[in-house]
Amino acid sequence: AKEPVRVLVTGAAGQIGYALVPMIARGVMLGPDQPVILHMLDIPPAAEALNGVKMELVDAAFPLLKGVVATTDVVEACSGVSVAVMVGGFPRKEGMERKDVMSKNVSIYKAQASALEKHAATNCKVLVVANPANTNALILKEFAPSIPEKNITCLTRLDHNRALGQVSERLNVQVSDVKNVIIWGNHSSTQYPDVNHASVKTPAGEKPVRTLVADDQWLHTDFITTVQQRGAAIIKARKFSSALSAASSACDHIRDWVLGTPEGTWVSMGVYSDGSYNVPAGLIYSFPVTCKNGEWSIVQGLSIDEFSRKKLDLTAQELSEEKALAYSCLS
Ligand code: NDP
């Protein structure tokens with residue numbers, strides 16, 4: 001039998017955490033034959049609720065779940081973990097300035113970076129979900145210099161999956177037959193959902209989404225804004241932000257990273273830019289990636305038309321500004 005893997009979830013008493021931990025315990029993230037020990041971290045005001053989640057995990061009698069650590073101590077939470085899903089963060093409350101929210105999150109991510117660096121397993125894979133996800137991940141990278149930068153990522157897979165969902169609804173095809181959409185850039189409203197290289201499996205072979213949709217107008221307008229604003233639409237409908245889809249996408253992100261992407265398929269991940277596609281190096285930016293042997297690599301050589309170029313640059317610009325703001329909070 002395999003040794004259990006320790007998986008950290010921060011903000012585990014929150015909405016996404018509540019949807020995420022049972023998925024991890026069921027093997028959705030690391031596979032149906034991989035035992036896990038869950039490490040759940042939250043802040044003291046949420047300690048009682050966190051303990052309730054622990055009780056439910058025990059009650060669910062998950063065969064793969066070999067232990068649960070529920071704690072408000074960041075060192076205990078980070079000790080020995082091989083996967084860290086960072087969901088905890090300071091939410092933007094009414095009347096708060098962007099800078100105030102950034103400042104709170106910078107200090108949270110700085111502290112958690114140090115704890116991960118000192119106490120996590122070597123080669124720990126980190127996924128940041130809490131917003132501003134890309135910039136939180138960047139701060140985490142800066143303050144955990146011994147963790148390889150390739151191991152620090154942020155979640156844009158939910159946006160990716162939303163784009164697959166929109167194409168599938170529009171064309172009335174199975175979502176599993178649609179592939180290779182791309183989310184470029186920031187997990188924010190400037191992200192660019194791109195279908196220029198996406199395809200659909202049909203009885204007559206693989207067809208480009210561009211050919212099947214035909215309506216460029218839709219692709220250039222409503223498709224993009226629907227994906228960008230889907231989070232807000234869900235808040236409006238549910239009165240709470242998306243949690244089950246965020247949790248499910250976080251599992252997709254880690255699963256594909258660890259177990260690999262299928263041949264011929266790529267996914268979107270927020271990763272440390274090496275300057276590919278003329279995106280400034282040193283930002284955490286969402287790119288199309290393939291994964292093999294536990295490592296991602298950016299898909300190279302895709303053609304970028306003029307419309308796309310502008311969108312790639314706009315979201316990079318926003319990320320550079322966020323980075324500057326984050327640094328100004330540090331000093
Ligand atoms: P959620 O579980 O709903 O969301 C957690 C974080 O994920 C938020 O930052 C949220 O950003 C972000 N997020 C990213 N993508 C999405 C998405 N697609 N849909 C929804 N959220 C997304 O928040 P809760 O308030 O329920 O839970 C947060 C937990 O974190 C609480 O248990 C709290 O105690 C804990 N916490 C921990 C802190 C720490 O570690 N120091 C500090 C503060 C809180 P957005 O807000 O922009 O939606």
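Throughout, read-outs are computed from the coordinates displayed, never taken from laboratory work. Predicted model only: the values in this text are computed from it and were never measured. Ideal geometry is used to build each Cβ from the backbone, glycine not excepted, and the neighbour counts take in all protein chains shown.
General remarks:
- Taking the stretch 134-149 as the range and being in contact with a Phe, Trp or Tyr (Cβ under 7 Å, 6 or more places away or on another chain), surrounded by fewer than 24 Cβ atoms within 10 Å (Cβ to Cβ) and not acidic (D, E) as the test, only K141 passes.
- Residue pairs meeting the criteria (Cβ under 7 Å; at least 6 apart or on separate chains; first under 16 Å from S245 (Cα atoms), in the stretch 1-21; second of a type in the set (F, W, Y) and within 16 Å of the ligand (Cβ to nearest atom)): Q15/F240
Per-residue answers, yes or no, for (1) closer than 26 Å to L140 by Cβ; (2) without any contact (Cβ under 8 Å) to a residue 40 or more places away in the chain:
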| position | (1), (2) |
| --- | --- |
| G27 | no, yes |
| G31 | yes, no |
| H39 | yes, no |
| L50 | yes, yes |
| A60 | no, yes |
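- Considering the stretch 20-31, the residues that are small (G, A, S) and buried (at least 19 other Cβ atoms within 10 Å of the Cβ) include one that is farthest from A49 (Cα to Cα), namely G27.
- Among (1) in contact with a helix residue (DSSP H, G or I) (Cβ under 6 Å, 6 or more places away or on another chain); (2) crowded, with 23+ Cβ neighbours inside 10 Å, the one test that M86 misses: (1)
- P44 vs. criteria surrounded by fewer than 19 Cβ atoms within 10 Å (Cβ to Cβ) and either acidic (D, E) or touching an Asp or Glu at 6+ places or on another chain (Cβ under 8 Å) (or both): no
- Matching residues, the stretch 71-95, being in a strand (DSSP E or B), closer than 24 Å to V258 by Cβ and within 15 Å of the ligand (Cβ to nearest atom): A84, V85, M86
- Within the stretch 99-118, the set of residues being polar (S, T, N, Q) and within 9 Å of the ligand (Cβ to nearest atom) comprises N105, S107, Q112.
- Only a single criterion out of (1) exposed (fewer than 14 other Cβ atoms within 10 Å of the Cβ); (2) in contact with a Pro (Cβ under 7 Å, 6 or more places away or on another chain); (3) among the aliphatic types (A, V, I, L, M) is not satisfied by A232, namely (2).
- Any hit, the stretch 88-95, residues being within 18 Å of the chain's Cα centre (by Cα) and under 25 Å from V36 (Cβ atoms): yes
- Some residue of the stretch 2-14 being part of a strand (DSSP E or B), charged (D, E, K, R) and under 23 Å from the mean Cα position of the chain (by Cα): yes
- Contact map, the stretch 224-253: first residue closer than 27 Å to K311 by Cβ, second residue crowded, with 20+ Cβ neighbours inside 10 Å and of a type in the set (V, I, T), Cβ cut-off under 7 Å, separation 6 or more or different chains; pairs are A246/I16; A246/V129; A250/V85; A250/V129.
- Every condition in (1) aliphatic (A, V, I, L, M); (2) surrounded by fewer than 18 Cβ atoms within 10 Å (Cβ to Cβ); (3) within 27 Å of L319 (Cα to Cα) holds for I16 except the one numbered (2).
- Residue within the stretch 21-35 that is in a helix (DSSP H, G or I), more than 10 Å from the ligand (Cβ to nearest atom), touching a His at 6+ places or on another chain (Cβ under 9 Å) and over 24 Å from E322 (Cβ atoms) present: no
- Residue tally, condition near the ligand (Cβ under 10 Å from one of its atoms) and either of a type in the set (S, T, N, Q) or in contact with a His (Cβ under 7 Å, 6 or more places away or on another chain) (or both), over the stretch 119-139: 3
- Screening the candidates D177, D159 for the property of being among the acidic types (D, E) and over 17 Å from the mean Cα position of the chain (by Cα) yields one hit, D177.
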